[in-house]
Amino acid sequence: MISKKLIDLGVLALRQRNSRGNFKPHVSLRFRDDAGGLRMFSVDTTRTPNKYPQPDAYLITHAHSDHHGKSAMLSERALCSEKTAKALEIRHDREYKGQTFKLGEEFELEGVRIKTFPTEHTAGATAFYWENDVGTKILVTGDVKDASQLPPCDVLVTEANYGDPEDPTCHFTDDLDSLKSALLENGAVAFGAYEFGKTQRAVELLRGFGYDGAIRMDTRARVLTRSMLEAAGELAELDCTQEEGVFIVPPRDLNRLPWHLKKYVLSCRMDYPYPTIRISDHLDAPGLEEMVRKLDPEVTLVYHPGGNRPAKFSKHLNSIGIDSISIDMIGNVLSNEFV
Ligand SMILES: [Zn+2]
C-alpha cells in the first residue's frame, strides 16, 4: 500500500528488499529537490550493494545497533553527527567513511538544505529535517527521549519503541528518586546499563546528583563515555575489590560482580533478576502522542522498531484522528528497480 497523503505531499516511502528477498530494515524516502532533481534518503538502513544504484544519503540517526550504522558507516554516502560517527567507530572498531556534522548544524547535501536537531535519546542522536520541491517539511526523528527541540513538520517519520498505549509497560516516568537513594546507600552499588546510551545517561544523572567519586566500568564503556560526555568526571577500571563507589556494567554482567555490591538494573523492563530503577532513553506512549500533537504533521509514518509496536501506535494515532501509517503498510521495490 502506498499512502496517498504522502504522495500528495511529494514524498514516496519505500522499503527495499535485499538479495535474499527479505525487506531491508527501515525506510527510504524519495522526493524532489528544489531544482526538480529526484533524491532518495535511506533512513537507518543497511547499505545497498555497490553494484546497485545508491541513495543520495544513508541517514544514521544514532549508534544503536538496531539502526544499522555498523553497515551504513562503510558508505561514503553515510551521514550522521560527529558523536554518532565516533560511537560507531568505538563500538565496531572500524573507520566511519561518510560525512559528519555537529549536532544542531544546518548544511546542504546534494542540493537539499538539511537541519539537524537533538532528540536526547543518546549522545549524538539526531533528527533530520528538510523540505522538498513543493515545500513539504519532512522530519525524521529516530528514537526520541525529549521532543522539545524538534520543529513542526508536514511529514513525521518517527519511532514507537514504547508506542502501545494499551500496554502498561508503555507508561512510565524516570524514577530519579530511586536512583538517588541507591547512590546514597552505604558501600558499593552496581547499576546494570547498556554500554552505549544508558551508561552515559547514568553518568550524567549521577554527576548531576553531585556524586564526584570514581565511576567504574570496563575499558570500552570508559572510552565511549569519555568521548560522548564533556564532563564525565573520574572514570576508573572495574576493580571488584573496592568496598565503596559506583560500578556500571551491562545488565547481563551484574552476576559477575561480587556479592557485597548492591545491584540494580536501569530499565523500564521488568524481566531482570535484580530490582529495576525506571530510567528510560525513550518517550513513553503518552509522550509519543504529545510529540505528534505538538509537531502537528499532516501524516506520521511510524518506522521503528521491528515487531508490532509501529502498527499499534499508528492505529492509535488514527483512532484519535491523526493520520498515520506504519512501516508494515508501505510498498517496496527491489534494490535495482529505482534510479
Ligand atoms: Zn536507540
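The values are calculated or read from the model by the stated rules, or taken from the named source; none is laboratory data. Computed from a prediction, not measured in an experiment: that's the story for all the values here. Every residue, glycine among them, receives a Cβ derived from its backbone with ideal geometry; neighbour counts consider all protein chains shown. All accessible areas refer to the heavy atoms of the entire protein, side chains included, with ligands and DNA or RNA removed. Shrake-Rupley method; radii C 1.70, N 1.55, O 1.52, S 1.80 Å.
Looking at Gln16, Gln54, just one residue is farther than 19 Å from Thr141 by Cα, open to solvent by 40 Å² or more (accessible area, probe 1.4 Å) and not β-branched (Val, Ile, Thr), and that residue is Gln54.
When the residues of segment 151-167 are filtered to those that are away from the ligand (no atom under 16 Å from the Cβ) and under 17 Å from Lys115 (Cβ atoms), the one that is surrounded by the most Cβ atoms within 10 Å (Cβ to Cβ) is Leu156. Of everything in segment 259-282 that is within 18 Å of the chain's Cα centre (by Cα) and modelled with pLDDT of 95 or more, the residue that is farthest from Glu120 (Cα to Cα) is Leu266. Flag: Thr136 does not match the condition of being polar (S, T, N, Q) and closer than 22 Å to Lys102 by Cα. In segment 223-250, the residues that are open to solvent by less than 50 Å² (accessible area, probe 1.4 Å) reach residues that are hydroxyl-bearing (Ser, Thr, Tyr) with C-beta atoms within less than 7 angstrom, at least six apart or across chains, in these pairs: Thr225/Thr199; Ala232/Thr225; Leu235/Thr225; Val246/Tyr211; Ile248/Thr199; Pro250/Tyr194. Among strands (runs of 3 or more DSSP E) entirely within segment 66-143, having at least 3 residues that are open to solvent by 20 Å² or more (accessible area, probe 1.4 Å) singles out 106-109, 112-118.
If you check Glu204 against the conditions, is it open to solvent by 40 Å² or more (accessible area, probe 1.4 Å), within 30 Å of Ser314 (Cβ to Cβ) and more than 16 Å from the ligand (Cβ to nearest atom)?
So Glu204 fails the test.
Just to verify a result, which residue in segment 118-146, among those that are of a type in the set (D, E, K, R) and touching a His at 6+ places or on another chain (Cβ under 7 Å), is nearest to the ligand (Cβ to nearest atom)?
My answer is Asp143.
Screening Asp296 against (1) touching a Cys at 6+ places or on another chain (Cβ under 9 Å); (2) open to solvent by less than 20 Å² (accessible area, probe 1.4 Å) leaves a single unmet condition, (2).
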